[in-house]
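Everything below concerns the one structure shown next.
What follows is calculated from the coordinates using simple rules that are stated; it is not laboratory data. As the structure is a prediction and not an experimental result, all values here were calculated from the model. Every residue, glycine as well, gets a Cβ built from its backbone with ideal geometry; the counts of neighbours run over all protein chains shown.
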Amino acid sequence: MSVKPAEGTRSRDPEARKRKLIDAAIVSIGEIGYNDVTVDTISETAGISRGLIGHYFKGKDQLLLEAVKTVAAEIGASTRKAVSAAGEDAVARLYATARASFGKPAFTEAHACVWAALAGNAGWSPELTQLYHELWTGYREALARLFERAAQTRGIELDARLAALTFTHLIEGLWVGWVADSTEISRQRAESACLTYLDAIFKQP
């Protein structure tokens, strides 16, 4: 993977340069892992002097945190777009969430690697722990509301919060599994697993 400046921006544009560093951090995490990323690897990937990183970030840790936040925002935006396009039916929105979670632009090698790094390192970093909690709390609550609405429209009894918890961590587990073994856990099989979970709830005989 390689990082290029955004279209229509100059290399001396501060915001473009900052985004280039974030993109380089995302690439570096995907290539060598969160714990092994250094200022040197980021600056080399970005093609920017390592000394300039300090002009935009307090240090490597802040830059890596921004990279994780950026990936989370990109995943969230693409998923919300897919869900919105599914219409008002809550069940259709849940199926759209499953498909969007394993389709582009949400599901990419870089995004999956960064998310796996977040999940794997959150327990040892207060900043990542807080970010992980914030991201999942809001997401699970939104999905719980969807599951509740979907159950009501289908006339079935369901623990919506438990269903949302299971669904979200099924998705996350398959993302992490894909990073570890993409031969066994393909994107298509991962999506199918999530759709099968929804089928078990909403396509009852």
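Relative contact order (percent) for the chain, with alpha-carbon contacts under 8 angstrom and 6 or more residues of separation?
Details: 210 pairs, mean separation 36.6, N = 205.
It comes to 18 percent, rounded to a whole number.
Find which of Ala119, Ala86, Ala72 sits farthest along the positive direction of the dipole of the chain, computed with +1 on the beta-carbon of Lys and Arg, -1 on that of Asp and Glu, about the Cα centre.
Ala86
List the lysines whose alpha-carbon lies under 29 Å from that of Lys58, not counting same-chain residues fewer than 8 positions away?
Lys4, Lys18, Lys20, Lys69
Listing Ser49, Ser28 from the residue with the fewest other Cβ atoms within 10 Å to the one with the most, what is the order? Walk me through the numbers on the way to the answer.
Values: Ser49 9, Ser28 29.
Going from least to most buried by this count: Ser49, Ser28.
Run the simple label-point estimate for Thr129 and Ser182 please: 7 Å along Cα→C-beta, distance reported in nm.
Calculated label separation equals 3.3 nm.
If the only charges are +1 at each Lys and Arg Cβ and -1 at each Asp and Glu Cβ, what is the size of the charge dipole of region 68-202 around the Cα centre, to the nearest 20 debye? If you can, show how the numbers build up before the last one.
Values: 13 positive and 15 negative charges, 64 e Å.
The calculation lands at about 300 debye.
Placing +1 at every Lys and Arg Cβ and -1 at every Asp and Glu Cβ, with all other atoms neutral, what dipole size does region 1-141 have around its Cα centre, in debye to the nearest 20? Walk me through the intermediate numbers first.
Working: 17 positive and 17 negative charges, 71 e Å.
Result for region 1-141 is approximately 340 debye, rounded to the nearest 20.
Compute, for region 28-111, the length of the dipole vector about the Cα centre, with Cβ point charges of +1 (Lys, Arg) and -1 (Asp, Glu) only. Units Debye, rounded to 20. Could you put the intermediate results ahead of the total?
Values: 9 positive and 10 negative charges, 58 e Å.
Computed about the Cα centre, the dipole is about 280 debye.
Hey, fewest Cβ within 10 Å first, where do Leu162, Leu131 land in order? Could you put the intermediate results ahead of the total?
Details: Leu162 11, Leu131 17.
Placing the least packed residue first, the sequence is Leu162, Leu131.
Treat the count of other C-beta atoms within 10 Å as a stand-in for reagent exposure and order Asp23, Asp36 from fewest to most.
Lowest to highest Cβ neighbour count: Asp36, Asp23.
Could you give the distance between the Cα centres of region 42-59 and region 131-185, to the whole Å?
36
Looking at Gly54, Ala193, Thr129, which one has the Cα that reaches farthest to the positive end of the dipole of the chain (charges on Cβ: Lys, Arg +1; Asp, Glu -1)?
Positive-end residue among those listed: Gly54.
If you take the beta carbon distance between Arg140 and Val39 as r and set R0 to 35 Å, what does 1/(1 + (r/R0)^6) give as a FRET efficiency, to the nearest 0.05?
On the way: r = 35 Å, r/R0 = 1.00.
It comes to 0.50.
What are the aspartates and glutamates whose alpha-carbon lies under 15 Å from the alpha-carbon of Lys60, with same-chain residues fewer than 8 places away excluded?
Within the straight-line cut-off, Lys60 pairs with Asp23, Asp36, Asp40, Glu44, Glu127.
Compute the distance in nm between two label points, each set 7 Å from the Cα along the Cα-to-Cβ direction, one at Asp61 and one at Asp159.
Distance between the two pseudo-spin positions: 3.7 nm.
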